[in-house]
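Working notes, beginning with the structure itself.
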Amino acid sequence: MWKRLSVLWSVIRGDARLLWFALRHPLAPGWLKPAVALMVIYVLSPVDLLPETIPLLGLVDDVVLVPLAISFIAKRLPAALRADFLRRAA
């Protein structure tokens, strides 16, 4: 279980860095800022898909849906932007 969590964290960390880089890049698509803003609003809002009052299930939406959203957005970035990120990261 800990190995899965560490792999998940490394994927999230890499994708989150990619999104942060993409937000400041001149080749960023127009949909990127609203998509990231909606994701941040969801994380900070008190309204959850599954309420926190349900034990364990209340955390599932934050622990599962947010990384899925980060990965979903990162996979839809242009190839040129991803290549520039990988070139600068190396």
For this session: Please state which of the following conditions D62 fails to meet, knowing it meets all the rest: (1) assigned to a helix (DSSP H, G or I); (2) modelled with pLDDT of 85 or more; (3) touching a helix residue (DSSP H, G or I) at 6+ places or on another chain (Cβ under 8 Å); (4) not β-branched (V, I, T).
Result: (2)
Exercise. In segment 8-32, how many are in contact with a Phe, Trp or Tyr (Cβ under 9 Å, 6 or more places away or on another chain) and closer than 26 Å to V63 by Cα?
Worked result: 4
Exercise. If you scan segment 1-38, which residues turn out to be farther than 17 Å from A89 by Cβ, modelled with pLDDT of 75 or more and under 14 Å from the mean Cα position of the chain (by Cα)?
Worked result: L32, K33, P34, A35, V36, A37, L38
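The values are calculated or read from the model by the stated rules, or taken from the named source; none is laboratory data. Since the model is a prediction, treat every value here as computed from it, not as a measurement. As a convention, Cβ positions derive from the backbone with ideal geometry for all residues, glycine included, and neighbour counts pool all protein chains shown.
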